[in-house]
1. If a residue must be touching a Ser or Thr at 6+ places or on another chain (Cβ under 8 Å) and open to solvent by 20 Å² or more (accessible area, probe 1.4 Å), how many such residues does segment 207-225 contain?
2. So, in segment 158-167, exactly how many residues are away from the ligand (no atom under 16 Å from the Cβ) and crowded, with 18+ Cβ neighbours inside 10 Å?
3. Would segment 115-123 turn up any residue that is crowded, with 16+ Cβ neighbours inside 10 Å and within 16 Å of the ligand (Cβ to nearest atom)?
4. Is at least one residue of segment 93-103 more than 16 Å from the chain's Cα centre (by Cα) and over 19 Å from Asp193 (Cα atoms)?
5. Report, by residue number, each residue of segment 180-201 that is in a loop (DSSP other than H, G, I, E, B), touching a residue at least 24 places away in the same chain (Cβ under 8 Å) and within 15 Å of the ligand (Cβ to nearest atom).
6. Suppose we filter segment 40-64 for residues that are farther than 20 Å from His125 by Cβ and crowded, with 21+ Cβ neighbours inside 10 Å; how many remain?
7. For segment 72-179, please list each of the strands (runs of 3 or more DSSP E) lying entirely inside it that holds at least 3 residues being touching a Gly at 6+ places or on another chain (Cβ under 6 Å) and modelled with pLDDT of 95 or more.
Amino acid sequence: MAVPAGSATASPTPVPSVTPNPSPSPSARPGRPGQTKPGLLPPVVNHGPRTGNLVALTFDADMTDSMLAQLKNGRVKSYANVRIIEMLEHDKIPATFFLTGKWVQRYPALTERLAGNPRFELANHTYGHQAFTADCYTLPRIPPAAMTEDVAKTFKIIERYGGRQTRYFRFPGLCHDRAALRAMSSLGLTVVDGDVVSGDPFATDWRPIVNAVLKKVKPGSVIILHVTEANAQFTDEALPHILKGLAERGLEPATLSEVLAG
Ligand SMILES: [Zn+2]
């Protein structure tokens, strides 16, 4: 239930009743003049209800200008881990993909393949994976005035592929502050962080990824992984072990909509 309509004209995903982001937000302080009303900021979720046995596997598809340059000069072969997609397809595992607009434009056939799978949901990870706060790893910063259009444009790019569209959105590096959230307020989206950071982009082996996930995962968890191949080289090796560990714990992968709805 509570699965977003599978069309390009899907209405915004209903706000799930989940624990809001515990990070302090000045918007929670009432009555300060000149402040945006709390209701105008989009909801931020880390996980679904802790009841039941569902967990969400989410895969980010980052793409920056410097990554595109690496592909162009041949130093990197691929930022798309097809083995992950094949595994999920073969085992009929539901998953949610947070796509950057630039990844979609670089890999249109793969995007079509993702959209064509009824078990996969599509979500938004910005156009070019720029930083939406002043200090977000080493990512170059997007001008604040360009934030809203960047994310709106990315929804439009993804919508053309149909399939299970959502209004879920994830900030690059999970970096957001009140200004970034306010820039999203007109887009009818839900910001999805996650409560299980696998650390796969920095891993030098599959084992730490598996350990990081299985140590933290519980019912309702949103697990953050990457489908970016060269930037997350061991995710496909880790995946079967993660799936096995989830099964041993009685946890079942489901789409983000299903997990957030409980
Ligand atoms: Zn990312």
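1. Matching residues across segment 207-225 total 2.
2. 6
3. Scanning segment 115-123 turns up at least one residue that is crowded, with 16+ Cβ neighbours inside 10 Å and within 16 Å of the ligand (Cβ to nearest atom).
4. Scanning segment 93-103, I find at least one residue that is more than 16 Å from the chain's Cα centre (by Cα) and over 19 Å from Asp193 (Cα atoms), so the answer is yes.
5. Across segment 180-201, the qualifying residues are Asp193, Gly194, Ser198.
6. 1
7. Correct list: empty, since no element meets the threshold.
Conditions tested, residue by residue: (1) among the aromatic types (Phe, Trp, Tyr); (2) more than 16 Å from the ligand (Cβ to nearest atom); (3) within 19 Å of Thr190 (Cα to Cα); (4) open to solvent by 40 Å² or more (accessible area, probe 1.4 Å).
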site: Gly74; (1), (2), (3), (4): no, yes, no, yes
site: Ser78; (1), (2), (3), (4): no, yes, no, no
site: Thr96; (1), (2), (3), (4): no, no, yes, no
site: Arg106; (1), (2), (3), (4): no, no, no, yes
site: Ala109; (1), (2), (3), (4): no, yes, no, yes
site: Thr126; (1), (2), (3), (4): no, no, yes, no
site: Phe132; (1), (2), (3), (4): yes, no, yes, no
site: Met147; (1), (2), (3), (4): no, no, yes, no
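The values are calculated or read from the model by the stated rules, or taken from the named source; none is laboratory data. Owing to the predicted nature of the structure, the values given are computational and were not obtained by experimental measurement. Here Cβ is always computed from backbone atoms with ideal geometry, including for glycine, and neighbour counts include all displayed protein chains. Each accessible area value is taken on the protein alone, full model and side chains, heavy atoms only, with ligands, DNA and RNA left out. Shrake-Rupley method; radii C 1.70, N 1.55, O 1.52, S 1.80 Å.
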